[in-house]
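The structure under discussion appears below in the form of structure tokens.
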Amino acid sequence: MTAADCLAQERIWFDKPRYDEAERRFYEQMNGPTQPRQDTGANSILQDIARARENIQKSLAGSGGGSAADYGELAARMKNLELENQSLHKVVEELRSALSKMESRVSALEKRSTAPTVNGTGPAAPQKASSAPVKDEDEDEDDIDLFGSDEEVDEEAERLKEQRLQEYAAKKAKKPALIAKSSILLDVKPWDDETDMAKLEECVRSVQVDGLLWGASKLVPVGYGIKKLQINCVVEDDKVGTDFLEEEITKFEDYVQSVDVAAFNKI
């Protein structure tokens, strides 16, 4: 429906200004000129009617343009979606083709690995003939290696691991082992003041075993003229212990009453 059709259906008195003008002249002849305010009111009504018509025409024109723009945008979007759909279909087809080639190659490799051998010479002639198309597929996909590369990498890793273990063992064997040693200070007490302390020390130093080294000694007064022998020694912990020293020294019963450990330090 156009703007003209809408205006045709409206009930508007188009001839009203003419009648107003005739009425004004009649009253002017009867009573003199009318007030200009009435003409102003009539003119304002006509202006409002004209303004309304213009608004109706603008609204109709705007609605038609907007629908055309929306249709154009919708058509552009539909076209873009169709293009994207076509590209996605192409990608899917390529992936399917690659997957089919991969499956055929894997099946061919499985058949080759499980084929029976005759005196270690490999498969028979028909099997070689059947492997020919597989070779063509290998040429098409020479950049993909499924099985051989993994085995080679594993063998190389095992070889390097074994070599490093041997080097570590050799290096550890060359390094001298640490020997745990201790410094012991012994108090050797005689029976009385008449005991020959020189002879007592000689008896103590006569204890000689592997891992035992005697050191300095001195006589320390105890009381009532009695002196004890305080002697130092260095021992290897794995070979000589304090119990062994006490047993060996107390064997000299004529000179030794008791043996005590005065100090024990790890070296």
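The values are calculated or read from the model by the stated rules, or taken from the named source; none is laboratory data. Remember, it's a predicted structure, so these values are computed and weren't measured experimentally. So basically every Cβ, Gly included, is an ideal-geometry build from the backbone, and we count neighbours across all protein chains shown. Surface accessibility is based on the protein's heavy atoms, side chains included, excluding ligands, DNA and RNA. Shrake-Rupley method; radii C 1.70, N 1.55, O 1.52, S 1.80 Å.
Could you check how many residues of segment 165-185 are modelled with pLDDT under 80 and of a type in the set (G, A, S)?
Counting residues in segment 165-185 that are modelled with pLDDT under 80 and of a type in the set (G, A, S) gives 2.
Show the residue pairs that are 6+ apart or on different chains and have beta-carbon atoms under 7 Å apart, the first residue being within segment 200-221 and β-branched (V, I, T), the second being part of a strand (DSSP E or B) and modelled with pLDDT of 90 or more.
V204/V188; V204/L229; V204/I231; V220/K227; V220/K228; V220/Q230
The rows are residues; the columns are (1) part of a loop (DSSP other than H, G, I, E, B); (2) surrounded by 12 or more Cβ atoms within 10 Å (Cβ to Cβ); (3) hydroxyl-bearing (S, T, Y).
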site: A173; (1), (2), (3): no, no, no
site: L185; (1), (2), (3): no, yes, no
site: D192; (1), (2), (3): yes, no, no
site: T195; (1), (2), (3): yes, yes, yes
site: C203; (1), (2), (3): no, yes, no
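Is one or more of the residues making up segment 210-223 out of contact with any strand residue (DSSP E or B) (no Cβ under 9 Å at 6 or more places or on another chain) and either of a type in the set (D, E, K, R) or open to solvent by 50 Å² or more (accessible area, probe 1.4 Å) (or both)?
No, the conditions are met nowhere in segment 210-223.
Taking the stated definitions as given, is V106 open to solvent by less than 70 Å² (accessible area, probe 1.4 Å), modelled with pLDDT of 85 or more and β-branched (V, I, T)?
yes
Can you pull out every residue in segment 216-267 that is in a strand (DSSP E or B) and in contact with a helix residue (DSSP H, G or I) (Cβ under 8 Å, 6 or more places away or on another chain)?
Correct list: S217, L219, K227, L229, I231, C233, V235, V259, V261, F264.
Can you pull out every residue in segment 245-267 that is open to solvent by 40 Å² or more (accessible area, probe 1.4 Å) and touching a residue at least 12 places away in the same chain (Cβ under 8 Å)?
E246, E248, F252, Y255, Q257, D260, V261, A262, F264, N265, K266, I267 - these are the residues of segment 245-267 that are open to solvent by 40 Å² or more (accessible area, probe 1.4 Å) and touching a residue at least 12 places away in the same chain (Cβ under 8 Å).
Working only within segment 222-243, note down all residues that are in contact (Cβ under 8 Å) with a residue 12 or more places away in the chain and under 60 Å from the mean Cα position of the chain (by Cα).
The answer is C233, V234, V235, E236, D237, D238, K239, V240, T242.
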